[in-house]
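Just passing along the structure, written as structure tokens.
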Amino acid sequence: MLLMGLLLSVRTEYAVGQYLLRRLAISIPVLIGITLATYVIVNLAPGDPVTALISPEAASSLGPDWVAGQREALGLNKPLPVRYALWLKEVVRGNLGFSLQDRQPIGKKIAERIGPTFRLMFTALALAILIAVPVGILSALRQYSALDYAVTIFAFTAIAVPGFFLALAAIYVFSLKLGWFPTSGMNTVGKPETLGDSLRHLVMPATVLGLAEAAPLIRYIRSSMLEVKRQEYVTVARAKGLRESAVIGRHALRNALIPLVTVVALSLPRLLGGTVIIEKLFAWPGMGTLAITAVQGRDYPVIMAINLITAVLIVLSNLLADLVYAAIDPRIKYT
Amino acid sequence: MRDSDDRTTVQDTRGMRRRHFLAGAATVAGGAILAACGGDTVPTATTAASSAGATKPAASAATTASTASTTTAPTTAPAAASAAAPTTAPAAGAASSVVASAAPAASGATGGQISIYWTKPSTIHPLFSTAGIEQGVERQMFGALMRMNDKLEPVPDLIEKYDSSADAKVWTFTLKKGLKFSDGMPLTAKDVVFTFERAIDKRTGSYWRSRLLIIDGAADFGDQKTDKIKGIEMPDDLTVKMTLTTADGVWLQTISDFAGLCILPMHILKDTAPDQMQKAPFSFAPTPTAGAFIYSDWKADQYLEIKRNETYTAGPKAKLDKIFCKVLTQQDVGIAQLEKGEIDLMVVPVTEADRLRKNATLTVTSTPAPSVSFLALNIDRPFFKDKRVRQAMMYAIDRESIVKEILKGEATVVNSTIIGPEWMGTPDGLQAYKYDTSKAKQLLKDANWSASQKVALMYTPGDKINDALVPILQQQFKDAGIALDLFTVDSPEYNRRAVTGATPQAAGDFDIALVGGGVFRQDPNVSAKYFETVSFTPAGANYGHYTNPMVDDLFKQGRSTTDKAMRKQIYTKLAQIINDEVPWIYLWSPNSIHAYNKRLVGFKPPSYATHLVWNAEEWSVTK
């Protein structure tokens, strides 16, 4: 403690490192708690990977011996605490294990799918920010105008309409009726991969997802801007005789966008976990598809791996949000 | 979600059955093509393999194939000499010898590619695949001793001929000459033996193991008590002789099940320990193989790409350059892609059939599926013990209207599970159980059914037909005086409750289960697996643990003879009993609907709906 205090007083740069270390140290028990809870819950789900793999018809031709043999081979006969301990031991060594469904290494499975998820999610997020920032600010500056109402109605509609409906409607209209875009997939199979083809496949899922993400962002930005607009320093800036564009652009906007950091940072883990429904409807080979098939197949190690990754991402992005916050807002200090 | 038809299995049909071998190839002048042989006269001759030249579409109906004069003369084939003379043999206890080769040569130009609807594979390794949709593709890639044709009959694939001993205990398979894996290494009897050894080895954990244990010495080998399977011998490089522990008239069906037991390349896999096989990279990149198509690329959750095997010698080379099996977990997505021309072929739900028929780019076929949809009743439950209750449930359901309205007429109402094959037909003397609520009420009254008795119907939601069906069942049962609760579970839990959680003493944990499956049209004996006492779950598919000594005895009789007339009599009687006893509520046998783009030429509906590519070597594309 004494040393820490000493370091803190000597060099302020250490403050960030110190803060980071402490936050990371706190997150370890949190992560263990999360994995333990998930492990218990996924194992409480009725049925097991063996019954998930085969139909009643198949089970009845294979006989009870096969089922018992598979359970043994998959290690399902061991008591739950033992299985959790074994899993944890391997994870600490950096081994996420093998899928119970196809016996492939989970690290490889995730590596194959994180790319497509990144591609979709970052496009959607960028789109969301590009839409939300100007629209939210305009909406706040012209509060109670026709534009403001229109934006509000749009935002609430986009929040209220489920993504799967938007997705299906988009496929029906833009793909089947108008024929502008392919219905689903990431590339046209059987043709060499080109940028144009990839983009055409990306448009619909990214837009559907981007709109859904943009809607709450618009609301955040609007209310944040409204709040900032009434701050004394904005009044002061105006009183100084600054042009309105400078008042808004230089003084209000910067402060209004601070909450955006938190919102965006906290949406990262959710986006990287993949959105099951959008990925499924657009046959997108990403993390969401992996997650849903793992749950349906009671593929415990895969569920655990995805869960762990999401948990780590949540911890990290919270941390990131706090760090960025402190960096851009001098009122915030590491404590 | 995979439908249960994906994984139906064909084993346990122990009776001799009609074999229907197609002589695909043309013969030299005057060469007779004998197409079909009954189970009572053991199958006989067919013709030489012709690897090129013949122009008949493959596996066309026997009638067209027999017009040999219209086909061009084949190139000389090694088997010609031995193939000519049919060996007719009396029914019981006769040796059979068949030289067969479906050596089709469809018309259509070489080239082009096709995309088909596929679901997420759990593996592309034939020893571990559990879904029909995977197995069909694997057979195209690997080749098998025997494969299944579109009439549920086993036909030779990699073999030139097989023989069986008089007592159907010893089976000899002779491989075609000059078979090669795609890396140029020869495929010999050694590879066949290796495949059987790995399949039987307990450590491998193969799906095939339990069905191959009938081979003499397989159990000991599987448990590592011996280092060779006693019942499998290799007289020479092309011949494999299998000795079974008991006579098995349906051995060919067994090894052609799951689309056929695929032959693995020993030179590649011999150093992979049995318990490492499923984990090995081969499982998702199987190469080399010896089928008409070979592995080309696998993109996780996107597609499996297979391409024409240029070194294929077991038959004419495939015409298509490539087939893409697109991983689409969502049926709606598949239909949209089909309409847009992004995929060329898929199994579609009956609810979509009419709409897709209007699409000018598509052809829609409807073929009776071998399966039956039914409500399995748990006879262990005291309230189902009275036969009159079960009969009342049959009367309570308006099956005709449901088929018409929900299944759009794409199904046939059935009153027992004895529904085929052709020689069997639908038995006479069955109660039709026409919709009659008052009769149902009367029967329930006679049986002292308590109005407060609740029964639960277990099903897996998410299937459009089932989701529409269950509320109607609930209402119609209510009209008759039966309070039905709907109980939804997902498939792992469904399987546990219905089958794997059962013990020989007690049926699974359900009252009524909505089930669809089975290959009942293959042989009447298929029903044995569902009604015999020895087939209680979890060892068989007798879900409700129905037991009746008379039924057991009739099934046994039906297996002990190959005389069709006699078998028909036996199974008719059996059908009458299970029709009257109602161990299940029989619903209907659905049709399989396939929709494909008109640019695909040569597609024929498979016997299992999901074996889409079963004759893909004959496919071509227009333009």
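Where a number appears in this text, it was derived from the coordinates with a stated rule and is not lab data. The structure presented is a predicted model; accordingly, all values stated were derived computationally and were not measured. Note: ideal-geometry Cβ built from the backbone for every residue, glycine included; neighbour counts use all protein chains shown.
Could you compute the net charge surrounding B:SER256? Neighbours are other residues with a C-beta less than 10 Å from the C-beta of B:SER256; K and R count +1, D and E count -1.
Values: positive: B:ARG139, B:ARG147; negative: B:GLU153, B:ASP157, B:ASP257.
That sum, taken over residues with Cβ under 10 Å, equals -1.
If the chain between A:ARG230 and A:TYR325 were fully stretched, how many nm would it gain, using 0.36 nm times the residue separation less the Cα-Cα distance?
The A:ARG230-A:TYR325 span can extend by a further 32.1 nm.
How large is ³J(HN,Hα) for each residue in region B:500-507, as worked out from phi by the Karplus curve 6.51 cos²θ - 1.76 cosθ + 1.60 (θ = phi - 60°), to whole Hz, x for Gly and Pro?
5, x, 6, 10, x, 8, 9, 5
Using only alpha-carbon positions, what ratio does the radius of gyration of the protein assembly as shown give when scaled by 2.2 N^0.38 Å?
1.07
Moving to a separate point now. Could you work out the helix-only [θ] at 222 nm for chain A, with each DSSP H run of four or more residues adding -39,500 (n - 2.57) and the total divided by the number of residues, to the nearest 500 deg cm²/dmol? Let's see the in-between values first.
On the way: 15 runs with 243 residues, N = 335.
The helix contribution divided over chain A gives -24000 deg cm²/dmol.
Taking the alpha-carbon set of region B:441-536, what are its Rg and Dmax in Å?
Here Rg and the maximum Cα pair distance are 15.5, 42 Å.
Rounded if a/c is under 1.5, else prolate if a/b beats b/c, else oblate: with a ≥ b ≥ c from the C-alpha gyration tensor eigenvalues square-rooted, which is region B:253-312? Each step should come with its number before you reach the end.
Numbers: a/c = 1.38, a/b = 1.08, b/c = 1.28.
Verdict is rounded for region B:253-312.
At 7 Å along the Cα-to-beta-carbon direction for both A:PHE154 and B:ASP236, put a label point, then send me their distance in nm to one decimal.
So the label points at A:PHE154 and B:ASP236 sit 8.0 nm apart.
So which of A:LYS191/B:LYS180; B:LYS169/B:LYS241; B:LYS228/B:LYS279 end up more than 19 Å apart, counting from Cα to Cα?
A:LYS191/B:LYS180; B:LYS228/B:LYS279
Lys and Arg at +1, Asp and Glu at -1: add these up for the other residues within a Cβ distance under 14 Å of B:ILE406 and post the number.
Taking every Cβ under 14 Å from that of B:ILE406, the sum is -4.
Over the alpha-carbon set of region A:231-330, divide Rg by the Kirkwood Rh and report the Rg/Rh ratio to two decimals.
Looking at region A:231-330, the ratio lands at 1.26.
With every atom except the alpha carbons ignored, what do you get for Rg and Dmax of region B:348-402, in angstroms?
Expressed in Å, the Cα Rg and Dmax of region B:348-402 come to 18.1, 55.
Rounded, prolate or oblate: which fits region B:96-241, taking a ≥ b ≥ c as square roots of the Cα gyration tensor eigenvalues, rounded meaning a/c under 1.5, else prolate when a/b beats b/c?
Details: a/c = 1.82, a/b = 1.29, b/c = 1.41.
In terms of gyration-tensor shape, oblate.
Of all DSSP beta bridges in the protein assembly as shown, what percent run antiparallel (nearest 5)?
Counting only bridges with both partners in the protein assembly as shown, antiparallel ones make up about 80 percent.
Can I ask one more? Name the residue from B:GLY341, B:ALA369, B:PHE384 whose Cα lies farthest towards the positive end of the charge dipole of region B:319-389, charges +1 on Cβ of Lys and Arg and -1 on Cβ of Asp and Glu.
Result: B:PHE384.
Using every alpha carbon pair in region B:505-604, what percent of pairs falls into each 5 Å bin from 0 up to the bin containing the largest distance?
Calculated over all Cα pairs of region B:505-604, the distribution is 2, 11, 19, 21, 16, 11, 7, 6, 5, 3, 0 percent.
If you fit an axis through the alpha-carbon atoms of helix A:300-328 and take the longest principal axis of the Cα set of chain A, what angle between them do you get, 0 to 90°, nearest 10?
Its long axis makes an angle of about 20 degrees.
Which net charge results for the neighbourhood of B:SER165, defined as the other residues with beta-carbon distances under 14 angstrom from its beta-carbon, given Lys and Arg at +1 and Asp and Glu at -1?
With Lys, Arg at +1 and Asp, Glu at -1, the net is -3.
Then there is this: State whether chain A is rounded, prolate or oblate according to the following rule on the C-alpha gyration tensor (a ≥ b ≥ c being the square roots of its eigenvalues): a/c under 1.5 gives rounded; otherwise a/b larger than b/c gives prolate, and the remaining case gives oblate. It would help to have the intermediate numbers written out before the result.
Working: a/c = 2.77, a/b = 1.38, b/c = 2.01.
It is oblate, given that a/c is not under 1.5 and a/b is not larger than b/c.
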